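Some notes on the structure that comes next.
Just so you know, all these numbers are worked out from the coordinates, no wet-lab data involved. This is a predicted model, so every value here is computed, not measured. Here the Cβ positions follow ideal geometry from the backbone for every residue, glycine too, while neighbour counts run over all protein chains shown.
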Amino acid sequence: MPTIITHPAVPLAFALGLGREVISGRLLLAGVVVSVLPDLDVVAFRLGVPYAAEFGHRGFSHSILFASVVALLGACLFRQLHSSFRCALLFLFAAAMSHSVLDAFTNGGLGVAFLWPWSDERFFAHFQVIEAAPLSLKRFLSPVGLGVLWSELLWVWCPLLGLAFVSRRFRGLSGRRLQRMNPETR
């Protein structure tokens, strides 16, 4: 899995690219929370739940159904999130689902149960380019952990920040173009 540091990269990039007019600070914070929420399933290890079980790591909490339910519940708070219901629903679904998608691109583990409860099958992406983060803090604070962070920087942070800046730039250009075209804004 990518680290807890990297899962928020997707909602942060979306917010940077779309701007505060679309993604409020509260909605962004909710997106960051739901982007890491699926990894609460690591508690299952302490409870003796096997990794490969449906309630084990990368099981039900990494499914499309889970992301949908979390997004729907969060979107019900759209007024508190200073957003519309639709925007909150889409943003929170993307943030929650991004966790599972990033996990599918890692080179470790047993895959992701995207289709739970309809299927127990676990999936990986065709290209598993992200180094899987070690589950122990001791291993994370070693050269292995540095390799994981480098991999995340290369395969997650840089592409997402690049897309966010391009989106922001495009948004700025199209906004100025619309202002020039609309005589009422002069």
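Couple of notes before you dig in:
- Solution diffusion estimate, µm²/s, Stokes-Einstein, the range 62-149, Kirkwood Rh from C-alpha pairs, 4 °C, viscosity 1.567 mPa s: 89
- Dipole of the chain [Lys/Arg +1, Asp/Glu -1 at C-beta], most positive-end residue of 80, 142, 96: 80
- Shape analysis of the range 9-185 based on the Cα gyration tensor places the equivalent ellipsoid semi-axes at 33, 21, 14 Å, largest first.
- Volume per residue of the C-alpha convex hull in the range 6-47, rounded to whole Å³: 53
- The angle separating the long axis of helix 143-152 from the principal Cα axis of greatest extent in the chain is about 40 degrees.
- Nearest 10 degrees, 0 to 90: helix 64-75 Cα axis against the chain principal axis: 50
- Nearest 10 degrees, 0 to 90: helix 9-18 Cα axis against the chain principal axis: 10
- Other residues within the sphere of radius under 13 Å centred on the Cβ of residue 74, judged by their own Cβ, net out at +3 (K and R +1, D and E -1).
- Simple spin-label estimate for residue 128 and residue 5 gives 2.3 nm between the two label positions (7 Å along the Cα-to-Cβ direction from each Cα).
- Scanning the chain for chymotrypsin sites (Phe, Trp or Tyr not before Pro) that sit in a DSSP loop and have at most 16 other Cβ atoms within 10 Å, the longest stretch containing none of them is 56-117.
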